[in-house]
Amino acid sequence: MSTRRKPIGSNNFMQLFTITECESICPDDIIDTNTRKRTPGILNINRYVADGFQKVCKVVHFTHYLDKPTWAYTKIDKSLMYDTHDSWVYAIVVGQTIVKIGETGRPLGIRESRDYVGYEKQPLRQTTSRLGRYRGGSDTDKYIRGSLVSEVDRGIVSIWAKRCPKIDTTTLVNGQEVPITATIHKSLELYYLDLITSHTGYNPRLNKARS
(Lines give C-alpha, C1' and ligand atoms only; values in the text may rest on other atoms or scores of the structure.)
Protein backbone atom coordinates (compact mmCIF):
# COMPACT_ATOMS: atom_id res chain seq x y z
CA MET A 1 0.00 0.00 0.00
CA SER A 2 1.23 3.49 -0.77
CA THR A 3 0.16 7.05 -0.05
CA ARG A 4 0.42 9.67 -2.76
CA ARG A 5 -0.31 13.38 -2.74
CA LYS A 6 -1.99 14.66 -5.89
CA PRO A 7 -3.16 18.15 -6.90
CA ILE A 8 -6.88 18.82 -6.91
CA GLY A 9 -8.58 21.70 -8.66
CA SER A 10 -7.72 24.24 -11.33
CA ASN A 11 -4.38 25.94 -11.85
CA ASN A 12 -5.69 28.95 -9.93
CA PHE A 13 -6.81 26.98 -6.90
CA MET A 14 -4.36 24.09 -6.55
CA GLN A 15 -4.81 22.10 -3.36
CA LEU A 16 -3.04 18.95 -2.15
CA PHE A 17 -5.03 16.12 -0.59
CA THR A 18 -3.64 12.91 0.80
CA ILE A 19 -5.52 9.97 -0.69
CA THR A 20 -4.41 6.45 0.11
CA GLU A 21 -4.01 4.17 -2.88
CA CYS A 22 -3.09 0.50 -3.19
CA GLU A 23 -2.45 -2.27 -5.64
CA SER A 24 -5.28 -4.35 -7.17
CA ILE A 25 -5.50 -6.56 -4.07
CA CYS A 26 -5.64 -4.55 -0.83
CA PRO A 27 -5.52 -5.75 2.76
CA ASP A 28 -8.83 -3.95 3.29
CA ASP A 29 -10.72 -5.84 0.55
CA ILE A 30 -14.22 -6.69 1.81
CA ILE A 31 -15.24 -10.36 1.89
CA ASP A 32 -18.97 -11.22 2.07
CA THR A 33 -19.23 -13.86 4.79
CA ASN A 34 -22.19 -15.55 3.03
CA THR A 35 -21.13 -15.53 -0.64
CA ARG A 36 -17.34 -15.12 -0.17
CA LYS A 37 -17.55 -12.46 -2.86
CA ARG A 38 -14.63 -10.05 -2.72
CA THR A 39 -15.22 -6.28 -3.00
CA PRO A 40 -12.09 -4.25 -3.82
CA GLY A 41 -10.66 -2.41 -0.84
CA ILE A 42 -10.75 0.86 -2.78
CA LEU A 43 -14.52 0.81 -2.05
CA ASN A 44 -14.00 0.30 1.70
CA ILE A 45 -15.10 3.47 3.48
CA ASN A 46 -12.66 2.88 6.31
CA ARG A 47 -9.69 3.62 4.08
CA TYR A 48 -10.98 7.21 3.65
CA VAL A 49 -11.27 8.07 7.34
CA ALA A 50 -7.72 9.42 7.08
CA ASP A 51 -8.95 11.77 4.33
CA GLY A 52 -11.52 13.26 6.70
CA PHE A 53 -14.64 11.17 6.03
CA GLN A 54 -16.83 10.80 9.12
CA LYS A 55 -20.05 8.89 9.69
CA VAL A 56 -23.00 11.28 9.69
CA CYS A 57 -25.83 8.82 10.40
CA LYS A 58 -27.45 5.48 9.73
CA VAL A 59 -30.46 5.18 7.43
CA VAL A 60 -33.81 3.67 8.45
CA HIS A 61 -37.24 3.64 6.86
CA PHE A 62 -39.57 6.45 7.94
CA THR A 63 -43.01 4.96 8.59
CA HIS A 64 -44.86 8.04 9.85
CA TYR A 65 -46.41 8.54 6.40
CA LEU A 66 -47.42 5.01 5.49
CA ASP A 67 -48.51 6.03 1.99
CA LYS A 68 -45.17 7.74 1.27
CA PRO A 69 -42.35 5.48 2.47
CA THR A 70 -39.10 7.37 2.66
CA TRP A 71 -35.88 7.66 4.67
CA ALA A 72 -35.17 8.78 8.21
CA TYR A 73 -31.85 8.91 10.01
CA THR A 74 -30.68 7.51 13.31
CA LYS A 75 -27.48 7.69 15.36
CA ILE A 76 -27.08 11.18 13.92
CA ASP A 77 -23.83 13.07 14.48
CA LYS A 78 -25.50 16.46 14.96
CA SER A 79 -22.19 18.33 14.65
CA LEU A 80 -22.01 17.12 11.04
CA MET A 81 -25.66 16.81 10.04
CA TYR A 82 -26.58 20.32 11.19
CA ASP A 83 -23.30 22.09 10.44
CA THR A 84 -24.04 25.21 8.38
CA HIS A 85 -20.98 24.53 6.18
CA ASP A 86 -22.03 24.15 2.54
CA SER A 87 -19.28 22.26 0.71
CA TRP A 88 -19.13 18.47 1.12
CA VAL A 89 -18.27 15.20 -0.56
CA TYR A 90 -20.36 12.34 0.82
CA ALA A 91 -20.64 8.56 0.51
CA ILE A 92 -23.62 6.25 0.88
CA VAL A 93 -22.30 3.02 2.36
CA VAL A 94 -23.70 -0.51 2.65
CA GLY A 95 -21.87 -2.33 5.40
CA GLN A 96 -18.35 -1.07 4.66
CA THR A 97 -18.82 -0.77 0.89
CA ILE A 98 -19.25 2.60 -0.84
CA VAL A 99 -22.22 2.40 -3.24
CA LYS A 100 -22.53 6.11 -4.03
CA ILE A 101 -20.14 9.07 -4.05
CA GLY A 102 -21.75 12.50 -4.25
CA GLU A 103 -21.17 16.17 -3.61
CA THR A 104 -23.21 19.09 -2.42
CA GLY A 105 -22.90 22.84 -2.15
CA ARG A 106 -25.57 22.89 0.55
CA PRO A 107 -25.57 21.90 4.23
CA LEU A 108 -26.03 18.20 4.87
CA GLY A 109 -29.18 18.80 6.91
CA ILE A 110 -31.40 21.59 8.23
CA ARG A 111 -33.09 20.59 11.46
CA GLU A 112 -36.86 20.11 11.33
CA SER A 113 -38.81 21.71 14.18
CA ARG A 114 -41.38 18.92 14.32
CA ASP A 115 -40.85 15.80 16.45
CA TYR A 116 -41.87 12.29 15.41
CA VAL A 117 -42.39 9.58 18.01
CA GLY A 118 -39.63 7.00 17.80
CA TYR A 119 -37.26 9.12 15.71
CA GLU A 120 -34.48 11.56 16.42
CA LYS A 121 -34.98 15.13 15.19
CA GLN A 122 -34.84 14.85 11.39
CA PRO A 123 -33.59 17.17 8.63
CA LEU A 124 -36.31 18.91 6.64
CA ARG A 125 -37.46 16.99 3.58
CA GLN A 126 -36.58 19.86 1.25
CA THR A 127 -34.00 20.69 -1.40
CA THR A 128 -32.31 23.16 0.95
CA SER A 129 -30.08 20.36 2.30
CA ARG A 130 -28.64 17.25 0.67
CA LEU A 131 -29.71 14.63 3.20
CA GLY A 132 -33.06 16.33 3.58
CA ARG A 133 -33.56 15.91 -0.16
CA TYR A 134 -32.77 12.20 0.05
CA ARG A 135 -35.68 11.85 2.47
CA GLY A 136 -38.30 12.98 -0.02
CA GLY A 137 -36.76 13.95 -3.33
CA SER A 138 -37.80 12.50 -6.68
CA ASP A 139 -35.84 11.24 -9.69
CA THR A 140 -32.29 10.29 -8.61
CA ASP A 141 -33.14 10.46 -4.89
CA LYS A 142 -36.15 8.18 -5.38
CA TYR A 143 -34.09 5.78 -7.47
CA ILE A 144 -31.44 5.49 -4.76
CA ARG A 145 -34.04 4.94 -2.03
CA GLY A 146 -35.67 2.26 -4.16
CA SER A 147 -32.35 0.57 -4.84
CA LEU A 148 -31.54 0.21 -1.14
CA VAL A 149 -34.85 -0.97 0.34
CA SER A 150 -33.60 -4.37 1.51
CA GLU A 151 -30.30 -2.98 2.79
CA VAL A 152 -32.09 -0.26 4.79
CA ASP A 153 -34.46 -2.90 6.19
CA ARG A 154 -31.38 -4.83 7.34
CA GLY A 155 -29.96 -1.74 9.04
CA ILE A 156 -26.67 -1.72 7.13
CA VAL A 157 -26.86 1.62 5.28
CA SER A 158 -24.97 4.67 6.55
CA ILE A 159 -23.94 8.06 5.20
CA TRP A 160 -20.45 9.49 5.57
CA ALA A 161 -19.16 12.94 4.62
CA LYS A 162 -15.95 14.88 4.16
CA ARG A 163 -15.98 18.61 4.84
CA CYS A 164 -14.32 20.43 1.93
CA PRO A 165 -12.30 23.61 2.45
CA LYS A 166 -13.24 26.82 0.72
CA ILE A 167 -10.58 28.94 -0.94
CA ASP A 168 -10.60 32.73 -0.60
CA THR A 169 -9.02 34.58 -3.49
CA THR A 170 -9.50 37.64 -5.69
CA THR A 171 -10.22 38.17 -9.37
CA LEU A 172 -10.93 41.05 -11.75
CA VAL A 173 -14.54 41.93 -12.52
CA ASN A 174 -15.13 44.90 -14.80
CA GLY A 175 -11.58 46.02 -14.12
CA GLN A 176 -12.02 45.92 -10.35
CA GLU A 177 -10.34 43.37 -8.09
CA VAL A 178 -13.03 41.64 -6.02
CA PRO A 179 -12.88 38.92 -3.36
CA ILE A 180 -14.47 35.56 -4.13
CA THR A 181 -14.71 32.22 -2.37
CA ALA A 182 -14.07 29.15 -4.51
CA THR A 183 -15.27 25.63 -3.74
CA ILE A 184 -13.80 22.27 -4.77
CA HIS A 185 -16.48 19.70 -3.85
CA LYS A 186 -17.41 19.00 -7.49
CA SER A 187 -13.78 18.46 -8.51
CA LEU A 188 -13.09 16.31 -5.47
CA GLU A 189 -16.13 14.10 -6.13
CA LEU A 190 -14.82 13.43 -9.66
CA TYR A 191 -11.36 12.73 -8.28
CA TYR A 192 -12.70 10.04 -5.95
CA LEU A 193 -14.76 8.50 -8.76
CA ASP A 194 -11.71 8.47 -11.05
CA LEU A 195 -9.64 6.92 -8.27
CA ILE A 196 -12.19 4.13 -7.77
CA THR A 197 -12.69 3.40 -11.47
CA SER A 198 -8.92 3.33 -12.06
CA HIS A 199 -8.75 0.37 -9.64
CA THR A 200 -12.03 -1.40 -10.37
CA GLY A 201 -12.98 -0.42 -13.92
CA TYR A 202 -16.42 0.72 -12.75
CA ASN A 203 -18.17 3.36 -10.62
CA PRO A 204 -19.78 2.62 -7.26
CA ARG A 205 -23.03 0.85 -8.16
CA LEU A 206 -25.38 3.80 -7.59
CA ASN A 207 -23.23 6.33 -9.47
CA LYS A 208 -24.29 6.78 -13.07
CA ALA A 209 -21.70 5.98 -15.74
CA ARG A 210 -19.95 9.02 -17.14
CA SER A 211 -19.41 9.51 -20.86
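The values are calculated or read from the model by the stated rules, or taken from the named source; none is laboratory data. A quick note: this is a predicted structure, and the numbers were derived from the prediction, not measured. Glycine gets a Cβ as well: all are built from the backbone with ideal geometry, and neighbour counts include every protein chain shown.
For this structure, a couple of remarks:
- Within region 53-69, considering residues that are outside any strand (DSSP E or B) and in contact with a strand residue (DSSP E or B) (Cβ under 7 Å, 6 or more places away or on another chain), the one farthest from residue 193 (Cα to Cα): 69
- The number of residues in region 70-94 being under 30 Å from residue 210 (Cβ atoms) and either assigned to a loop (DSSP other than H, G, I, E, B) or at pLDDT below 95 (or both) comes to 6.
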